[in-house]
Amino acid sequence: MAPFAALLAASVLAALALLHVYWARGGHWPGHDEASLAKTVVGEPGSERMPGALACFAVAIALAIAATLPLASQGFLDVPVAAGWRRGLTLLAAGVFALRGVGGFFEARFRRGAPVEPFYRLNRRLYSPLCLALAALLALSA
């Protein structure tokens, strides 16, 4: 089960990293322009713009690194890091995704201003559950 969890987590994280690279290079999917994309994936009240390319590339790099962790933990990648560190970093990534997943269900209480649609709905139905699923897969692969 752990090798399958590692491969699935790595695949999803790599796809998310590529999506962030696409946004950094000016892509608008799943929106049709920058404003609709910002309302779909950022959800900041009053925001009509996406974060800059540097921010998108930084998230892409973080996601790509996170994608390697379960692969290294399961021995699919040979990395010069002790097994305890690989396991610990994978569990740390699982914790980050778990916090993001749980926090997404309560974020409307902590954000100023009215919730932005469609982000608010997608966050509860897709983004937060996906983060919780990734957290579980990462934990299983550790």
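Rule-based calculations on the coordinates, nothing more; no lab input. The shown structure was predicted, so the numbers you read here are calculated from the model rather than taken from an experiment. Cβ placement follows ideal geometry from the backbone for every residue including glycine, while neighbour counts extend to all protein chains displayed.
In this simple spin-label model, placing a label point 7 Å from the Cα along the Cα-to-Cβ direction at both E44 and I61 gives a separation of 2.0 nm. Taking 0.36 nm per residue of sequence separation and subtracting the Cα-Cα distance, how much length would be gained by fully extending the chain between V81 and H32, in nm to one decimal? Full extension of this stretch gives 13.4 nm more.
Averaging over all projection directions, find the projected area of the Cα convex hull of the chain and quote it in nm² with one decimal place. Spell out each step's value before the answer.
Details: hull surface 34.3 nm².
Dividing the Cα hull surface by four gives the mean projection, 8.6 nm².
Which residue, A82, A108, A93, has the most motion in a Gaussian network model of the chain that connects Cα atoms within less than 10 Å? Between A82, A108, A93, it is A82 that shows the largest mean-square fluctuation.
In plain terms, the chain is cut at each of the trypsin sites (Lys or Arg not before Pro) found in a DSSP loop with at most 14 other Cβ atoms within 10 Å, and the longest leftover piece is 50-110. Across segment 18-31, computed HN-Hα scalar couplings (Karplus, 6.51 cos²θ - 1.76 cosθ + 1.60, θ = phi - 60°) run 5, 4, 5, 5, 4, 5, 4, 8, x, x, 10, 5, x, x Hz from first to last residue, x flagging Gly and Pro.
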